[in-house]
1. Roughly how large is the A-B contact in terms of buried accessible area, totalled over both chains, probe 1.4 Å, nearest 100 Å²?
2. Students often check this: by mean Cβ neighbours within 10 Å, which of A:55-62, B:44-51, B:33-40, A:81-88 ranks highest, and how do the rest follow?
3. For the stretch A:9-77, what does the relative contact order come out to in percent, with C-alpha contacts under 8 Å and a separation of six or more?
4. Output the pairs from B:65/B:94; A:60/A:93; A:20/B:65; B:58/B:100; A:31/B:55; B:18/B:51 with a Cα-Cα distance over 29 Å in this structure; if there are none, say none.
5. Can you pull the mean other chain C-beta count within 10 Å for peptide A:78-86?
6. Near the amide H of residue A:29, under 5 Å away, which other amide H atoms are found, from residues 5 or more places off or on another chain, if H is placed in the peptide plane?
7. How shielded is B:59-70 by partner chains, expressed as the average number of their Cβ atoms within 10 Å of its Cβ atoms?
8. Relative contact order (percent) for the stretch B:6-64, with alpha-carbon contacts under 8 angstrom and 6 or more residues of separation?
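The values are calculated or read from the model by the stated rules, or taken from the named source; none is laboratory data. Keep in mind that what you see is a predicted model, and the values were worked out from it rather than measured. When we count neighbours, we look across all protein chains shown, and the Cβ atoms used for this are built from the backbone with ideal geometry, even at glycine. Calculation scope for accessible area: heavy atoms of the full protein, side chains included, ligands and nucleic acids excluded. Shrake-Rupley method; radii C 1.70, N 1.55, O 1.52, S 1.80 Å.
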Amino acid sequence: MAEKLEDLNLPMSVVTRIVKESLPEGVAISKEARTGLAKAASVFVLYVTSAATNIVKNNKRKTLTGQDVLEAMKDIEFDRFVGPLTEALENYKQAVSARKSGAGKKKEDVEEIETIEED
Amino acid sequence: MSATKSEKDLHLPLSRVKTIMKSSPDVDAVGPEPLYLVTKVTEMFVTDLAKRAHKNTKGNMLEYKHIAEVVQEDDTLDFLREIVPRKITVREYKELMARKAARGDRSDESSEESSEAESSDGSSSGVEIIE
């Protein structure tokens, strides 16, 4: 649960890093632009979440799945993300199953997954 | 891209994304797969928005207005219009209010807000003049 209000925002420093990596080198980003992008990203998380949970509800299911998130992208007309996202999901699944079969060598990777599943 | 790397390519903290997702009333639990996807797609979204905003720049400075412009022009970004409203100058704001007052609208609720918050009366398109 969110303890503090700031917990409901994505960290601006990380969002700024993503922005910098997507733009040509040497482009400066104003303080207001950083704040705006960070806010937009935080709201986007909720927007996608609510689109995905709508699908879950409409199908009278309880659990949110990866497929729901993919479907949600079409509902909110972000179809252009479906392709790359499906690809990312495939890679992700492979990584997870590789780890489950004991092939995961990086310890911190395994720990990260565990903390996600815990709560 | 090697398989073991695939979630190291994430920048955003999963825990924070999860907290935000769970703040939605319909969400009890978030499994690792939907969490990964929402995080990933949010990063794609930021990249996309930044690139499009960058196209609106002339010099080497990405500014707020460049982002607001993208948001106002793309209907799929409607959900951001109250978050990233187009800014107007105080003078434009006063003119806007004067015009509204002349039409006899009850516009006083929004008068205390600053020049950047003009969309408080429910207009979905930022600064557009409402009748």
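1. Working: alone 9750 and 9610 Å², together 13650 Å².
When A and B are taken together, about 5700 Å² of accessible area is lost.
2. Numbers: A:55-62: 11.6, B:44-51: 20.1, B:33-40: 24.5, A:81-88: 15.9.
The densest-packed peptide leads the list: B:33-40, B:44-51, A:81-88, A:55-62.
3. Values: 43 pairs, mean separation 20.6, N = 69.
Relative contact order here is 30 percent.
4. Numbers: B:65/B:94 20 Å; A:60/A:93 26 Å; A:20/B:65 18 Å; B:58/B:100 34 Å; A:31/B:55 18 Å; B:18/B:51 26 Å.
Violating the 29 Å limit, Cα to Cα: B:58/B:100.
5. Numbers: counts 6, 1, 3, 6, 1, 0, 3, 6, 1.
Shielding by partners across A:78-86 averages 3.
6. The answer is B:62.
7. Numbers: counts 2, 5, 5, 11, 7, 9, 4, 4, 9, 3, 0, 1.
Mean partner-chain Cβ count within 10 Å for B:59-70: 5.
8. On the way: 23 pairs, mean separation 18.6, N = 59.
Relative contact order for the stretch B:6-64 comes out at 32 percent.
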